[in-house]
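Worksheet: the structure to be examined is printed underneath.
The values are calculated or read from the model by the stated rules, or taken from the named source; none is laboratory data. The model shown is predicted, which means the values in this text are computed figures rather than measured ones. Every residue, glycine among them, receives a Cβ derived from its backbone with ideal geometry; neighbour counts consider all protein chains shown.
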Amino acid sequence: MATAPADQQHSLRVVIRSERRMFRDALTAWLRTQPEYAVVGHVSRLEDLVALCRLRQPDVALVDVGSGHTDMSWLRDCAALTTVVVVYERLSGADLGDLCRVGVDTLLPCSHGLDALLVVLRRYLNAAQESGAVHDGFTELEKQIITLVGAGHTVHQIAQLLEVSTSAVANTKRRIYRKLEVGSQGQAMARATALGIVARQPHHLLADACPGAMLPVLLRGTGPARQPLTAPQLAGGQAVSPDMAAAESLVVLVDPSPGDWPQAGRPVVLVRTEPPSRSEVLTALLRGACAVLTAERIGTELVPACTLAAHGYVTVDADAARGVLDALQTPAAGLPELTSRELDILRLIADGNTVRQTARALGIAAKTVENTQSRLYRKLGARNRSGALVAAHALGLLELAPFAPQP
């Protein structure tokens, strides 16, 4: 079993269970900003929480039971595996009695607020630091590989990135399948996303940088607004160098031509000499822009826009924001809309079916499956099956069927 790095040994490992997706995602996102806490999985169903606790061996399982009306007996198995903290809206006396009998360690009403929850977690953090024990059901290599698979990388690409052999990657993937109790990569990614082990991450060019680190920016375009974009003018606490072709650089496009746009995956800040129309702003966002602003705002807004884009945020010029918000209220904008055929194929992908198996299951030609998959990938911004599953689950487009371990 791999040993956690020294700077991670004193983090409190937490898993979260809540049927309320927004509650679960918001609490997960907030805890992940706190260095003393490590969210190692999140689920919606109590029965999945048991499997997650066995797999990730957390210090604390944070369980939202809302107003009860659920089978609390699942918590008995969780309590045998880890510390269980239950938060609730309203519970009857009988429900409270049941929770105490199954071995819950802490009961906390939601009315006490976030500060009370942090006091409870801090208590368990201190206990974990005193014990010094660090456990995880995955080795470091397994965690790296499952994350890269979820990002859409192939075995050969993973081998190159981790500087290991392709056979080592393949063997590690098989071990991951056994731990997740699945038989294929598609099923592994479906299971891992359902357990909150992998998730689509935003750009974090500055996440690992030291304070004052340079933010590399690549300038493209020939518009008149480009002339004043010099390093001294952009410094603002972060030195920015023009024409830096760093692999992880943020791209600032100034009145770009179609050929100036980079490949998908790199954060883009679009600068227009003239105020862009609503359709231009929407087109830029669809092409991957993280920020859109006019040249007259360069002096005050470019550096903040670059910083926010590097951290995964989207900013839009105030004059264009109203039009964008209006467009988002129309049915055509918003989450990708999948056809029934695309949803069928997505579910079959999650079940680990090949193109041929999918074609037989749906009674259509393999070529039709391939064409539909291509449209599905474009809608989800994915490159392959694994990326499509991660994106679909993150967007809430795929309600995964109850999981059945493979024989």
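Values as computed for the structure displayed
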read-out: Qualifying residue in the stretch 80-101 (condition: assigned to a helix (DSSP H, G or I) and modelled with pLDDT of 85 or more); value: yes
read-out: Test: residue in the stretch 232-251 that is outside the structural domain of residue 380 (by TED's automatic domain parsing), modelled with pLDDT of 75 or more and assigned to a strand (DSSP E or B); value: yes
read-out: Any pair with Cβ under 9 angstrom, 6 or more apart, that starts in the stretch 293-305 at a residue that is on the phi > 0 side of the Ramachandran plot and ends at one that is of a type outside the set (A, V, I, L, M) and part of a helix (DSSP H, G or I); value: none
read-out: In the stretch 61-74, residue surrounded by the most Cβ atoms within 10 Å (Cβ to Cβ) [restricted to those that are at pLDDT 85 or above and of a type outside the set (Gly, Ala, Ser)]; value: 62
read-out: Set 349, 364: member being within 30 Å of residue 188 (Cβ to Cβ), assigned to a loop (DSSP other than H, G, I, E, B) and modelled with pLDDT of 75 or more; value: 364
read-out: Among the residues listed as 149, 155, the single one being in the same structural domain as residue 167 (by TED's automatic domain parsing), more than 21 Å from residue 21 (Cα to Cα), free of Cβ contacts under 8 Å to residues at least 24 places away in the same chain and β-branched (Val, Ile, Thr); value: 155
read-out: Qualifying residues in the stretch 127-147 (those that are at pLDDT below 80 and of a type in the set (A, V, I, L, M, F, W, C)) - the one nearest to residue 53 (Cα to Cα); value: 134
read-out: Complete set of residues in the stretch 353-399 that are among the hydroxyl-bearing types (Ser, Thr, Tyr) and over 27 Å from the mean Cα position of the chain (by Cα); value: 358, 368
read-out: Residue 71 vs. criteria part of a loop (DSSP other than H, G, I, E, B), among the acidic types (Asp, Glu) and touching a residue at least 12 places away in the same chain (Cβ under 8 Å); value: yes
read-out: Any hit, the stretch 253-263, residues being of a type in the set (Ser, Thr, Tyr) and either exposed (fewer than 14 other Cβ atoms within 10 Å of the Cβ) or at pLDDT below 70 (or both); value: yes
read-out: Residue match in the stretch 301-323 (condition: at pLDDT below 75, surrounded by 17 or more Cβ atoms within 10 Å (Cβ to Cβ) and touching a Gly at 6+ places or on another chain (Cβ under 8 Å)); value: yes
read-out: Of all residues making up the stretch 31-60, the number that are over 27 Å from residue 181 (Cβ atoms), surrounded by fewer than 18 Cβ atoms within 10 Å (Cβ to Cβ) and in contact (Cβ under 8 Å) with a residue 12 or more places away in the chain; value: 2
read-out: Residue, surrounded by the most Cβ atoms within 10 Å (Cβ to Cβ), within the stretch 9-30, restricted to residues that are in a loop (DSSP other than H, G, I, E, B) and polar (S, T, N, Q); value: 18
read-out: Selection count where residues are over 27 Å from the mean Cα position of the chain (by Cα) and surrounded by 11 or more Cβ atoms within 10 Å (Cβ to Cβ), scope the stretch 101-115; value: 10
